[in-house]
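As structure tokens, the structure follows; a few thoughts come after it.
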Amino acid sequence: MELQEVLRSTGAVREFTPEAVPDETVWRLLDTARFAPSGGNRQGWRVVVVKDPAIRARLRELYLPAWYEYLAISSAGLVPWAPVTDRAAEAEAARGAPQVAVAAGRGEGGFAENLDKVPVLLVLLADFRALAAVDRDFERYTLVGGASIYPFAWSLLLAAREEGLGGVLTTMAVRAEPEVKELLGAGPELAVAGVMALGRPTRRATRLKRGAVESFATVDRADGPAFTATGP
Ligand SMILES: Cc1cc2nc3c(=O)[nH]c(=O)nc-3n(C[C@H](O)[C@H](O)[C@H](O)COP(=O)(O)O)c2cc1C
């Protein structure tokens, strides 16, 4: 596949065929993703390949409360856990999470409720000793450390695509980070960056919804005119 086509069409995949993915394939994905960039080339990513059904089930349990909270906050028209948001409105909306959970419990469940059954389940960890987090000392929410980990996650998803696989990076379980770390025996220097599901997709998105360049790129200043292909 053409790289550009891959970049424009690799959407989140949350439904998988029951086909198992051999360890050899997972190893190959990791072997390709390790060439991702990171600040100072410190490669602070760590990966736990979760096979044990009991650990998988516990991860699903830890994922779900945040997922229901996410749905409750979203349905109030807010961006869940945005660093800049109306915290009071968010807290109020989050109180609806138990009802969302009850409603979800009535159905057969979707991706979240079946997280333990995905063909491949990876927990991505970040070694805080290896992150060049240049905004570490700021008062504001810090952002830069993740930039040394998430390109690796994206490379994993792109490598999976090459193998006819698909998947999604998830972060809901990070809300329960202490429990996830305890579950995995992760030391104090490690943070949970995400949980990735991979497998053979039952279907692929045909068209991804993304904003146009003009909606996020400007000229010279953040409040400058929209950057267009043809200029002023
Ligand atoms: C940092 C990050 C966190 C995400 N967390 C979750 C998650 O917890 N659960 C989930 O189902 N999808 C998660 N996603 C997937 C996004 O929902 C998905 O990339 C986005 O909706 C675009 O979907 P599309 O590529 O299918 O259009 C996450 C994606 C990123 C990049």
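In order along the range 124-131, the phi-based Karplus estimate (6.51 cos²θ - 1.76 cosθ + 1.60, θ = phi - 60°) of 3J(HN,Hα) comes to 9, 10, 10, 8, 4, 6, 10, 9 Hz; Gly and Pro are listed as x. In the range 115-156, the ratio of gyration radius to Kirkwood radius, Rg to Rh, stands at 1.11 when only Cα atoms are counted.
The helix-based estimate of mean residue ellipticity at 222 nm for the chain, built from -39,500 (n - 2.57) per DSSP H run of four or more residues and divided by its residue count, is -10500 deg cm²/dmol to the nearest 500.
Label separation (R95 vs V6): 4.9 nm, computed from points 7 Å beyond Cα along the C-beta direction. Principal axis analysis of the Cα atoms in the chain yields extents of 58, 45, 40 Å, listed in decreasing size. Computed from the Cβ-Cβ distance with R0 of 25 Å, the FRET efficiency linking E113 to E182 stands at 0.65.
Loop-located chymotrypsin sites (Phe, Trp or Tyr not before Pro) in the range 84-178 (DSSP state not H, G, I, E or B) with no more than 15 neighbouring Cβ atoms inside 10 Å: F138, Y141. Close amide H contacts of V120 (hydrogens built in the peptide plane, cut-off under 5 Å, sequence separation of 5 or more or a different chain): L198.
If the segment from A147 to R34 were pulled out straight at 0.36 nm per residue, it would be longer than the present Cα-Cα gap by 39.2 nm. Derived scalar couplings between HN and Hα for the range 217-232 equal 10, 10, 9, 6, 9, 4, 9, x, x, 4, 7, 10, 5, 9, x, x Hz in order, rounded to whole Hz, by the Karplus curve 6.51 cos²θ - 1.76 cosθ + 1.60 (θ = phi - 60°), x for Gly and Pro. Taking amide H atoms as placed 1.01 Å from N in the peptide plane, the amide H of T170 lies under 5 Å from those of V195, M196, A197, each 5 or more residues away in sequence or on another chain.
With the contact rule set at Cα under 8 Å and sequence spacing of 6 or more, what percent relative contact order holds for the chain?
Computed value for the chain: 32 percent relative contact order.
Taking the range 190-232 and a reference point 7 angstrom along Cα→Cβ of E163, the backbone N atoms nearer than 14 Å belong to 196-201. Taking the number of Cβ atoms within 10 Å of each Cβ as an exposure proxy, the fewest-first ranking of S38, S148, S74 is S74, S38, S148.
Shown here for the range 41-117: trypsin sites (Lys or Arg not before Pro) in loop regions (DSSP other than H, G, I, E, B) with at most 14 other Cβ atoms within 10 Å, namely R42, K51, R95.
Taking amide H atoms as placed 1.01 Å from N in the peptide plane, the amide H of F227 lies under 5 Å from those of A217, T218, V219, each 5 or more residues away in sequence or on another chain. One decimal place: the segment D23-A76 gains 14.9 nm when fully extended, by the rule 0.36 nm per residue minus the C-alpha distance. 3J(HN,Hα) couplings calculated from phi for the range 62-72 with the Karplus curve 6.51 cos²θ - 1.76 cosθ + 1.60 (θ = phi - 60°) are, in sequence order, 6, 6, 4, x, 5, 4, 5, 5, 4, 5, 5 Hz; Gly and Pro show x. Loop-located trypsin sites (Lys or Arg not before Pro) in the range 149-232 (DSSP state other than H, G, I, E, B) with a sparse environment of at most 11 neighbouring Cβ atoms within 10 Å: R203, R204, R207, K209, R210, R221.
Since every read-out is calculated from the coordinates, none of them should be taken as a lab result. In this text, all values refer to a predicted model and were calculated from it rather than measured experimentally. A quick note on method: Cβ atoms are made from the backbone with ideal geometry, for glycine too, and the neighbour counts reach across all protein chains shown.
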